[in-house]
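Notes to accompany the following structure.
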Amino acid sequence: MAFTVTFRTGAQAAPTQSELSACLVERGEPFLEEGAETLVLRALPMRLVVPRPPPPAEEGTPSPTSLPPRRLRDMPSVPPGESRSTVVHIDPTTTTMLIRLVDTVFHLANRCGADVHLAGSGVVNRSSLWVVLAEEQDRMRIAAALDRAREHGNADQVHKRLWAVLQSLRPGTDCRWDATLQRVVELVDVGEQISVDEARFHEADAQTGDVVQVPVEGMIHVLVWRWLSEAWPGLCEHDHSLH
């Protein structure tokens, strides 16, 4: 799963590609330039899309500083239809060093003079972003370990013990690992535990009386990975590294 964060700045404050390049050089992060607007980091799964500089004012157009105070306040900081946000696309892997990645994101945000906006979550701090990325990383690690369990022929034993751990983490629920979605889900009854409208968000043709799978949110995959990496280190050693 990929994530998108933005550094929202005004039209005049948005840093240029060369300025962000210098910021990465300062941190010692190697990168490649792809065109005039994109920077791709080589050691981290990050891609920066830099906003284009604002077009020059047309001849005869008054500059903001020449406008009366009332009109100056009424001017939008970003021209309608134009984005002045630096966009960062993050696609973590099972071995990504997350603290290094998060530190780089916030170093760039500081250079932009902007908060970090995570798509779907709003403004986040360092800890919040790390938690989101760690949960996704450990979900991918679990999926890879369970694939190796199938190759080794002990998948049934692993899944049986995994189910018991999930019941301890979420007592009173029917949680299990879904191999298609590659994540922990909860099985819920439509009409009793979840409304039809809510159920159709997960399965388009859900009806009353059906059982649907709802992805479990929170830190469930971080906790499961902690258990799995200790219970079956041989399955997990390929992806067993610090965040």
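The values are calculated or read from the model by the stated rules, or taken from the named source; none is laboratory data. All figures in this text were calculated on a predicted structure; none of them were measured in a lab. Don't worry about glycine lacking a Cβ; one is built from the backbone with ideal geometry, like all the others, and counts go over all protein chains shown.
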Open item on the list: So in segment 188-199, with the set limited to residues that are surrounded by fewer than 15 Cβ atoms within 10 Å (Cβ to Cβ) and outside any loop (DSSP other than H, G, I, E, B), which one is nearest to the chain's Cα centre (by Cα)?
Closed with: E198
Task: Flag if Q207 is closer than 21 Å to L166 by Cβ and polar (S, T, N, Q) - done: no
TODO: Examine segment 11-22 for a residue that is in contact with a Pro (Cβ under 6 Å, 6 or more places away or on another chain), touching a residue at least 40 places away in the same chain (Cβ under 8 Å) and not assigned by TED's automatic domain parsing to the domain that holds R183, and state whether such a residue exists.
DONE: yes
TODO: Return the pairs, sorted by first residue and then second, in which the second residue is of a type outside the set (A, V, I, L, M) and surrounded by fewer than 15 Cβ atoms within 10 Å (Cβ to Cβ), the first residue lies in segment 97-125 and is without any contact (Cβ under 8 Å) to a residue 60 or more places away in the chain and more than 11 Å from R8 (Cα to Cα), the beta carbons are less than 7 Å apart, and the residues are 6+ apart or on different chains.
DONE: V102/R126; F106/R126
TODO: Scan segment 118-140 residue by residue and report those that are surrounded by fewer than 18 Cβ atoms within 10 Å (Cβ to Cβ) and part of a strand (DSSP E or B).
DONE: G122, V123
TODO: Output the residue which, of all residues in segment 144-186 that are without any contact (Cβ under 8 Å) to a residue 40 or more places away in the chain, of a type in the set (G, A, S) and in a helix (DSSP H, G or I), is nearest to G218 (Cα to Cα).
DONE: S168
